[in-house]
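The values are calculated or read from the model by the stated rules, or taken from the named source; none is laboratory data. Just so it is clear, the structure is predicted and the values come from calculations on it, not from any experiment. Every residue, glycine among them, receives a Cβ derived from its backbone with ideal geometry; neighbour counts consider all protein chains shown. Areas reflect the complete protein model, heavy atoms only, side chains present, ligands, DNA and RNA absent. Shrake-Rupley method; radii C 1.70, N 1.55, O 1.52, S 1.80 Å.
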There are 2 protein chains.
Amino acid sequence: MKEISGGASEAVRLAPGEAVRLVNTHGTQVVDTWCLTTADPSEYLSVEHTRRMLFALFPRAGDRLYSNRRTPLLELETDTSGCRHDMLFACCDSWLYRFYGCAPGHANCRDNFIAALARLGIDAPYVPNPINFWMNVPVSDNERLALEPPTSKPGDFIVLRALADVVVVFSACPMDITPVNGDRTPRSVAYETLRRSPSG
Amino acid sequence: MKEISGGASEAVRLAPGEAVRLVNTHGTQVVDTWCLTTADPSEYLSVEHTRRMLFALFPRAGDRLYSNRRTPLLELETDTSGCRHDMLFACCDSWLYRFYGCAPGHANCRDNFIAALARLGIDAPYVPNPINFWMNVPVSDNERLALEPPTSKPGDFIVLRALADVVVVFSACPMDITPVNGDRTPRSVAYETLRRSPSG
C-alpha cells in the first residue's frame, strides 16, 4: 500500500483489467478523483456524461464511469461505504480559498491535479469536474444541496477497475474550512494497484 | 429579434450591463447555453462552480451564474417559465447520436458550440457542461434523473444580464431522438440584445 498524505495527490497508470483499491484509512477523508485516457488527455472521465448514462446523481457499486466521448473508462467495482460520492461540485481551487478569505498559497485539489499529472509528464488541457469519493453532498427536495461531514468509516475502500488505458488522479482534499473532511483536518489515505481480475 | 433555426447556433457578445433576451418561440425548444469571458476563453461559465455557489441543482430567476474562477459572469434576471433548467447533462454530441444508432453527421450541440465560436474567430479550448434552458430533467428520490418534455409555454423567455465582457453561445438543440424537445422536432427560437439596465 502506498500512502497519500492529507492534502497531497498521486497519479496512477492502469492498463485495461487492472484496478486500484483506494482506502479511506481514517474514514473522514474526501478524495477528489479524475481519470484521463493515456492515449489522449483530452478524453477524460466526465461526470456530466456519466450522469446522463446512469440517469443518477451519484455513482453506485457496479456502475461504469464514462468519458466525454461516452466510452466507459472505469468501473466502480467495489464500495464498502455505500454512501454518496459527490459528482456535483467542482474541486477546491485557489479562487475558493480566496473566497473564504485564506491567504494565497493554500493547497487545493485543482493545483494537486495539475501537479500529479505533470509528474508523469502530462500537461492537463483543463480540469474536469472530479468524482469526489466519500464527499457527502446531500440533496433535499430534489433540488437543494448541502455540504456535510462524511458518513464513511475508517478502512472503507473502493475498487476502480480500468476498462481502458488510463491515468487515475487522486487528491486527498486539503479542505480545512468546510466540514467535508469531518473535523476540518485533511488526513492520509492509501492505495494499491491490483492485477487483472480472473476474468480480465 | 434574430431567429435561430431549430438545430442551429449563434454566439452573442455582451459588455457588462448589457443583456440578451432569449425567447422560446414555440415553447418546446431546449437551448444549450454557454458563456466564456471575452478576455480569456479558458474562463467559462461552470455549472459545477455555479451549483457550489448556489447550493442548488437548478438556476432560478435572480441567480448569478459563476465561472470556473468563481466570478459571476451572468445573472438570470428574468425567467417567465419558472421551470427547471438542466445543468446536469452534457450537451448532445456525435458520440451520443452514434450511441442511438444514428448515421454519422447528425447535427449536435457540441459541434454547434465550436462552430458558433469559430465564426467569431474564437478557438474553444474545450466544451464545458452547458446550462440547458427549458430542458426538463426531473430529479426523484434526491438521486434519480429522467428526461421529459419541456413544461415551458410558447413565448416564454429568459433574460441573461452580463456581469463581465462575455460571449454567450446558444444552440437550439437538434435532439430528435429523446423527448427533450417535446415531439422530437427541433424548432426555432429568437433573441435580442438589450441595452444596459437603468441601474447598469
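Overview of values
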| read-out | value |
| --- | --- |
| Residues of the stretch B:156-186 classified as under 14 Å from the mean Cα position of the chain (by Cα) and open to solvent by 40 Å² or more (accessible area, probe 1.4 Å), total | 1 |
| Residues (crowded, with 19+ Cβ neighbours inside 10 Å, of a type outside the set (Phe, Trp, Tyr), more than 10 Å from chain A (Cβ to nearest Cβ) and in a helix (DSSP H, G or I)) located in the stretch B:95-141 | B:Cys109, B:Asp111, B:Asn112, B:Ala116, B:Leu117 |
| Which listed residue is assigned to a strand (DSSP E or B) and of a type in the set (Gly, Ala, Ser), from B:Ser152, B:Ser171 | B:Ser171 |
| Residue count, the stretch B:142-154 (criterion: surrounded by fewer than 20 Cβ atoms within 10 Å (Cβ to Cβ), in contact with a Ser or Thr (Cβ under 6 Å, 6 or more places away or on another chain) and in contact (Cβ under 8 Å) with a residue 60 or more places away in the chain) | 0 |
| Extreme residue, farthest from the other protein chains (Cβ to nearest Cβ), among residues of the stretch A:29-45 that are surrounded by fewer than 24 Cβ atoms within 10 Å (Cβ to Cβ) and assigned to a loop (DSSP other than H, G, I, E, B) | A:Thr38 |
| Identity of the residue in the stretch A:83-94, crowded, with 19+ Cβ neighbours inside 10 Å and not acidic (Asp, Glu), that ends up farthest from the other protein chains (Cβ to nearest Cβ) | A:His85 |
| Subset of the stretch B:57-82 [within 24 Å of B:Val180 (Cα to Cα), within 12 Å of another protein chain (Cβ to nearest Cβ) and surrounded by 18 or more Cβ atoms within 10 Å (Cβ to Cβ)] | B:Leu57, B:Phe58, B:Pro59 |
